[in-house]
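The values are calculated or read from the model by the stated rules, or taken from the named source; none is laboratory data. Here the structure is a predicted model, which means the values were calculated and not measured. Backbone-built Cβ (ideal geometry, glycine too); neighbour counts: all protein chains shown. What goes into the accessible areas is simple: the full protein's heavy atoms, side chains included, and nothing from ligands, DNA or RNA. Shrake-Rupley method; radii C 1.70, N 1.55, O 1.52, S 1.80 Å.
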Number of protein chains: 2
Amino acid sequence: MDSVFFSKPRPGSGQPLGLSREAIVRKAMEMLDAHGMQKLSMRKLAAELGAAPMSLYWHVPTKDALIELCLDEIYGEFPLPAPDADWEPALREMMHSLRHLALKHPWWVRGIGEFNSIGPNAVAMADSMLEPMLRAGLSTAAAAQSVSTVSSFVTGFALAEANFAARGGMDEPPPDLGKIADLYREKHPRYVEMLNDPAVWMLEGQFEFGLDCVIDGIKARVAALRS
Amino acid sequence: MDSVFFSKPRPGSGQPLGLSREAIVRKAMEMLDAHGMQKLSMRKLAAELGAAPMSLYWHVPTKDALIELCLDEIYGEFPLPAPDADWEPALREMMHSLRHLALKHPWWVRGIGEFNSIGPNAVAMADSMLEPMLRAGLSTAAAAQSVSTVSSFVTGFALAEANFAARGGMDEPPPDLGKIADLYREKHPRYVEMLNDPAVWMLEGQFEFGLDCVIDGIKARVAALRS
DNA sequence: TACGAGCAACTTACATCGTACGAGACCGCA
DNA sequence: TGCGGTCTCGTACGATGTAAGTTGCTCGTA
């Protein structure tokens, strides 16, 4: 049950170094971004690295651990906000960053559901989200609640978005929409009408609308919580 | 790429009927609720049903298809709101229902990330979410945006909650919190302080706070969108 | 120069998985 | 008595994660 993050990689003061935890994680990230978690196998990863499958297990205890490391690598790409920014623009910008991570690494959101994110980069990110809220005068609990609320929205949105993106391009209806519409036209005309509305597939706008809603809701509370 | 829902189960006007799509789905749901998607195997499911593994494949084309059927079964449990309810209480109640589904079937949220939800029950649910918003005078696109926003929040919240719930009970800190706190105490004291705040682990309250935020944000827009 | 210690990579092997394929078993109807 | 459809099962293949043990390398030390 112990996380990879609780113990360092194998000591390693040796020499060979054709393989390394960093190299493995890097290549695994490539393959995850390209084909997702299901398609990544230790054997294919090893082949890609020109190594035997079991060689990876010297540097990484298990496949799940490797994925946890890759997840944390994603959080490492998260751009930290300016240290003196006001909470609202800072929060808004961080949530855009979060969504961009989700678009760049489509397997990320699914990973959230299966693994705990307690790596150093994940914690640094969470910490930096807390900071502007605390500086605005919120209590620890209130800051945590606010951050949790917006990032729940963003991850939930990304979860749906990753699903659409998986079948077909961005900002356009999925290819099998016609069949779905035919199936449900008599029973759920409202629903089918929605499917045929192009505005529904403009995900950028949907995200912006939702983010505005959530931040507005928080803004109304910040004043009260601060006093 | 065709969904299970585009074609009916095998014809079946025969006799044996020791096995059936319904029985298989029912038992699969039990096992999914108990142990999650990773642990469900066609072999174990067949054993549980007292059948040979390959027998299942007469009633169900594939394991993924079976999971899609189970997912839709979950949506079938969603209680539809009163047909004349005001949009705000209706939406609020539906989102509570959604969260209860997530707590009852912890694998559900992860399933959203991997499968499209276009089964009859999923569509009926989506349709019933749209209805109160449209009745309040919103356009199709505006109604869809509003619903998408709140349900993104709920699924994102459920995603995190399912993860906590997987390791330890509800409304209490995870067992390995001590180790995590020790790891990051010097580098991210703010974060560790948050982890130690009991209010952070009261998920019920967190959910309520977030839902209030999001619905408030939407409420502010409903007036404008309606005119 | 010789040698053991530990690091790193490899080989082999096993259990488990989804499922393709085809052979039966049973039925109602001709 | 046969036939075609409906269901169940047995066998088998390829892929997967990884436990266990083996081999060779480079050291520090004697």
Could you list, bin by bin from short to long, the percent of Cα-Cα pairs of segment A:129-227 in 5 Å steps?
-> 2, 12, 17, 16, 13, 11, 9, 8, 7, 4, 1
The protein assembly as shown - charge dipole about Cα centre, Lys and Arg +1 at Cβ, Asp and Glu -1, debye rounded to 20 = 1260 debye
Highest GNM mean-square fluctuation among A:P132, A:P173, A:P83, for chain A with Cα springs under 10 Å, belongs to A:P83
A:H105: net charge of surrounding residues, Cβ under 13 Å, Lys/Arg +1, Asp/Glu -1, itself excluded?
-> -3
Connecting every pair of Cα atoms under 10 Å apart in chain B and solving the GNM, the largest mean-square fluctuation among B:A162, B:A51, B:A122 falls on B:A51
Taking only protein heavy atoms and a 1.4 Å probe, the highest-to-lowest accessible-area order of A:R190, A:R226, A:R21 is A:R226, A:R190, A:R21
Candidates B:S97, B:S55, B:S151; GNM for chain B (alpha-carbon contacts under 10 Å) flags as most fluctuating B:S55
Over 24 Å between Cα atoms, which of B:K39/B:K179; A:K104/B:K104; A:K63/B:K179 qualify?
-> B:K39/B:K179; A:K104/B:K104
How big, in percent, is the set of alpha carbon pairs in segment B:44-107 lying more than 20 Å apart?
-> 48 percent
Hey, which lysines would be in cross-link range of A:K219, C-alpha to C-alpha under 19 Å, not counting anything within fewer than 8 residues on its own chain?
-> B:K219
Chain B: C-alpha gyration tensor shape, a/c 1.5 cut-off, then a/b vs b/c | oblate
Would you mind listing how long the protein assembly as shown runs along its three principal axes, going by Cα atoms, in whole Å with the largest first?
-> 70, 59, 39
What number, in percent, do you get for the relative contact order of chain A if the mean sequence gap of Cα pairs under 8 Å and at least 6 apart is divided by its residue count?
-> 18 percent
